[in-house]
1. Filter the range 414-430 down to residues that are modelled with pLDDT of 95 or more and surrounded by fewer than 14 Cβ atoms within 10 Å (Cβ to Cβ), then give me how many there are.
2. Scan the range 485-493 and tell me whether some residue there is surrounded by fewer than 19 Cβ atoms within 10 Å (Cβ to Cβ), β-branched (Val, Ile, Thr) and farther than 21 Å from residue 517 by Cβ.
3. Is there any pair linking a residue in the range 68-91 that is within 27 Å of residue 45 (Cβ to Cβ) to one that is open to solvent by 40 Å² or more (accessible area, probe 1.4 Å) and small (Gly, Ala, Ser), with Cβ under 8 Å and at least six apart or on different chains, and which?
4. Consider residue 238 against the criteria (1) within 30 Å of residue 327 (Cα to Cα); (2) surrounded by fewer than 21 Cβ atoms within 10 Å (Cβ to Cβ): it satisfies all of them except one. Which criterion is unmet?
5. Given the residues 200, 160, which is the only one that is open to solvent by 10 Å² or more (accessible area, probe 1.4 Å) and in contact with a helix residue (DSSP H, G or I) (Cβ under 8 Å, 6 or more places away or on another chain)?
6. Within the group 45, 66, 54, which residue is surrounded by 13 or more Cβ atoms within 10 Å (Cβ to Cβ) and touching a Lys or Arg at 6+ places or on another chain (Cβ under 8 Å)?
7. Please tell me if residue 434 is open to solvent by 60 Å² or more (accessible area, probe 1.4 Å) and either polar (S, T, N, Q) or at negative phi (or both).
8. Hey, among 338, 342, which residue is under 30 Å from residue 136 (Cβ atoms), open to solvent by less than 30 Å² (accessible area, probe 1.4 Å) and part of a loop (DSSP other than H, G, I, E, B)?
Amino acid sequence: MTPLAPLPARDPRPALPQKLRADLTAAAFSVSTLTALWGDDAERALHRNQRVPAIRRLDEQTVTPASTLARLFVLGLDVPREQVERALPTLGVDGAAELGLVSAAGDSILPLKDLRPYSFVDADGAGSWWIVSDLGELSRPGPLDEDHVLGVGGASMTLAGLMLQERVDRVLDLGTGCGIQALHAARHAKHVVATDISDAALTTARLNADLNAVTNIEFRHGSLYEPVAGERFDRIVSNPPFVITPRRPGVPAYEYRDGGLVGDEIVRTVIVGCADHLVPGGTVQMLANWEYRAGETGRDRVARWLHDDAADALDSWVIEREVQSPEEYAETWIRDGGAREGTEKFDALYGAWLDDFAERGVRQVGFGYVFLRRRDASSGPVWNRHERLLSAPGQNEAGLGVHIAACVAAHDAQARLSDDDLAASTLVVAGDVTQEQHHWPGSDDPTAIIVRQGGGFGRSIPVDTALAALVGACDGDLSVGAITAALAQLLEVDERALRAQLLPRVREFVDDGILSFALPQKPDRQR
């Protein structure tokens, strides 16, 4: 493994983030505090970019340091200087201005940045940080600046939830933005390298690390893999600037979402380049868009990239979560940039997006999750699982990453087994799995049987009578083969034929986390 690079010098003003941290702590500036200040209804309105309900609730209350900070940094309101000085007694207004958080206009203090609490739960338990980013739509009208540094949004939280949480030495956060993925990775890695092409993003991400006293992140400037040439990592995480943006005059290219390449080329570049930067067994987790073109689905494109450019170097698990028409996609990202429907600017951008898609033959755009793993000499058959899961995931308190890690380990375990070995294994059904049966009125036999997963990806899988019975009998006692033999006798069918029918489905259910290997395995009564 490449030796660890030394950590760069920290912020030359280290005392300022420390002072800000002390003031935020003293004010109890937390998610729960803010929700208590303005209530659940106003909180939901804020998620819709509507701040009036929260302002009205704060106007009804006595001013406190937490409410002052909420007005200034969350709601984006000007606040009297005297109130800010009371809310930031250690840092002071001058210190906040030196950090670039505020500016003064007479006796009023104006916010220059968004600063808000962020809470989460992972395998190590509950945690919280304060995250600085640029002011968003809530507090500043009109289109965003092209070097806008985005805060923690839905995509950020999705990738953070997907992240594997086993301990590793080195993690690469490719395109760190405000640094949220690097902060999450730092909880499970000795050393994190966070890169970005945006100087503004790196400055913000470094401030967020200092503010939260996270010291094992190194920040580097550059595009894609250039800042880590020749280095390898145990894990790469990336929420790359994957938005498909027309390359036309007048169309803004926002650094936080636009990688500067045509179509979905940046996604292809990240995927095919990762093998050279992973240790054997190292993994990639990323969010991505991919294009649907004539005769080729988005998942087919990803499969072709892996086959043509990555050869057999990588295992892959690609999950498509959403598909949009060119019209839906254009509307989503034009609004994201701050343009408003009914304006000439919005209509011009809309036309540019549709022209670009039409000229390149793009019929739809998919969004999803990509998991990749560098293969080594001990790897089994190449694993390429590409699927579409459009329904909402199940309940995963510590994040989907825990489920994904368990599914990958389970796949590796079952892939090493021959059919005879799998038949000799004992399995147990996961505790979050339920079964539904639907009947025609008056009928004793079910017309449909569905196995449902409460956690993980919340899968709902139609099954037949034999598979439903096998799943129900997997309690760690009898082997799969013994259960199959009993079912064949009960259903009066050929045992070999039933086994050939059921074993592939058993493998799928192990991969899905619906069935798992019993530990320790109990002796088979039928042997």
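1. Residues in the range 414-430 being modelled with pLDDT of 95 or more and surrounded by fewer than 14 Cβ atoms within 10 Å (Cβ to Cβ): 3 in total.
2. yes
3. Matching pairs, first to second residue: 78/105; 78/108; 79/108; 80/108.
4. Residue 238 satisfies every listed condition except (2).
5. Result of the check over 200, 160: 160.
6. 45 is the lone residue from the list that is surrounded by 13 or more Cβ atoms within 10 Å (Cβ to Cβ) and touching a Lys or Arg at 6+ places or on another chain (Cβ under 8 Å).
7. yes
8. Of 338, 342, the one residue that is under 30 Å from residue 136 (Cβ atoms), open to solvent by less than 30 Å² (accessible area, probe 1.4 Å) and part of a loop (DSSP other than H, G, I, E, B) is 338.
The values are calculated or read from the model by the stated rules, or taken from the named source; none is laboratory data. Keep in mind it's a predicted model, so treat the numbers as computed, not measured. Every residue, glycine among them, receives a Cβ derived from its backbone with ideal geometry; neighbour counts consider all protein chains shown. SASA here: full protein model, heavy atoms, side chains in, ligands and nucleic acids out. Shrake-Rupley method; radii C 1.70, N 1.55, O 1.52, S 1.80 Å.
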